[in-house]
Structure formats: C-alpha cells, structure tokens
1. Filter region 72-89 for residues that are charged (D, E, K, R) and under 18 Å from THR113 (Cβ atoms) and give the result.
2. Need pairs with beta-carbon distance below 8 Å; first residue modelled with pLDDT under 85 and within region 30-45, second exposed (fewer than 10 other Cβ atoms within 10 Å of the Cβ); sequence gap 6+ or separate chains.
3. Checking GLN62 against (1) surrounded by fewer than 20 Cβ atoms within 10 Å (Cβ to Cβ); (2) at negative phi; (3) at pLDDT 90 or above, which test does it fail?
4. Of the residues that make up region 80-97, is at least one part of a loop (DSSP other than H, G, I, E, B) and in contact with a Pro (Cβ under 8 Å, 6 or more places away or on another chain)?
5. Of the residues that sit in region 65-74 and are more than 15 Å from ASP51 (Cα to Cα) and in contact (Cβ under 8 Å) with a residue 40 or more places away in the chain, which one is surrounded by the most Cβ atoms within 10 Å (Cβ to Cβ)?
6. Can you go through LYS107, LYS77 and tell me which one is within 13 Å of the chain's Cα centre (by Cα), among the basic types (Lys, Arg) and either surrounded by 15 or more Cβ atoms within 10 Å (Cβ to Cβ) or in a helix (DSSP H, G or I) (or both)?
7. Name the residues in region 13-40 that are out of contact with any strand residue (DSSP E or B) (no Cβ under 8 Å at 6 or more places or on another chain) and of a type in the set (A, V, I, L, M), would you?
8. Name the residues in region 100-127 that are in contact with a strand residue (DSSP E or B) (Cβ under 9 Å, 6 or more places away or on another chain) and either modelled with pLDDT of 90 or more or closer than 23 Å to LEU73 by Cα (or both), would you?
Amino acid sequence: MIINCKDTSKIAAIISPKETEDLKNYLKNAVMNFCAEFYDQIYYDRWFSLDTIFCDNGFYKQKPLNAVYDYYLNIGKTEKDATVFALLDLNCLLEEILAEDSKVFTKKAPDKTSYLPSYMLISETLI
C-alpha cells in the first residue's frame, strides 16, 4: 500500500492483458529485489523510481518494458514523446503494484530533473 496516495492511474497504452501481466510481474520483481537489497541499509537513500531501479536511461526499450514504448511509436509519437508517455505509463503500473502490495510505501512528487515520482518502503508489514 502507498500511505500518501489515494488513487492510482491506469495506463493509456493499449497492450494485451498478457503483456500487462508480464510488465507487472517484471516491475514487481525489480522493486522487491531493490527493496530487499537496500531496506536495512540506513545510510543509503532508499527512495526509488523506475530509473533508479533499472539504472539505465533506455530501460523502457528493453523487453518486456518495450511493449508500452513500442505502442506509442506505432501510433505515430516521436521517440521523445514515446519515451515520456512510456515512462508515465510504466510508473502507473509501478504505482498499482505498490498500492496492491502488503508492504507499506510512501511517495514523493517528482523533482525538477525527472517526470517520475519516487517511492520508499517504510515497513515490511502494515502499520
């Protein structure tokens, strides 16, 4: 659950249910691995977003994440616009995953250098 987030958005890209499920599983595994690695390390800045989890500016072009990016290219968006829309959609999926999880997360708004909000795991169990 995300304690300071009331609603989650739905993605705008039209992709198959299987692609959506693959994306959600991939994102969930990435988040849980990140949290498992850094949760107990107090000295580490535990805030994360899609770009900090994947440590790569082009991660949205890799499988299975590319399904959303490719959708926007296929409907005529420029590469720059497809990138922005894909990141926003993937973040919607990430937020949906976090909201459904039994762990407790908090959210902060994007800073001036990113389109994406950040999240932090604050408890392994419900408060």
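1. Of the residues in region 72-89, the ones charged (D, E, K, R) are 77, 79-81, 89.
Selection gives LYS80 alone.
2. From region 30-45, no pairs qualify.
3. Of (1) surrounded by fewer than 20 Cβ atoms within 10 Å (Cβ to Cβ); (2) at negative phi; (3) at pLDDT 90 or above, only one is false for GLN62: (3).
4. First, the residues of region 80-97 that are part of a loop (DSSP other than H, G, I, E, B): none.
No.
5. It comes out as VAL68.
6. On the way: LYS77 fails: within 13 Å of the chain's Cα centre (by Cα).
Unique residue meeting the criteria: LYS107.
7. ALA13, ILE14, ILE15, LEU23, LEU27, ALA30, MET32, ALA36
8. Residues satisfying the conditions do not exist here.
The values are calculated or read from the model by the stated rules, or taken from the named source; none is laboratory data. Since this is a predicted model, take the numbers as computed values, not measurements. We place every Cβ from the backbone using ideal geometry, glycine too, and count neighbours over all the protein chains shown.
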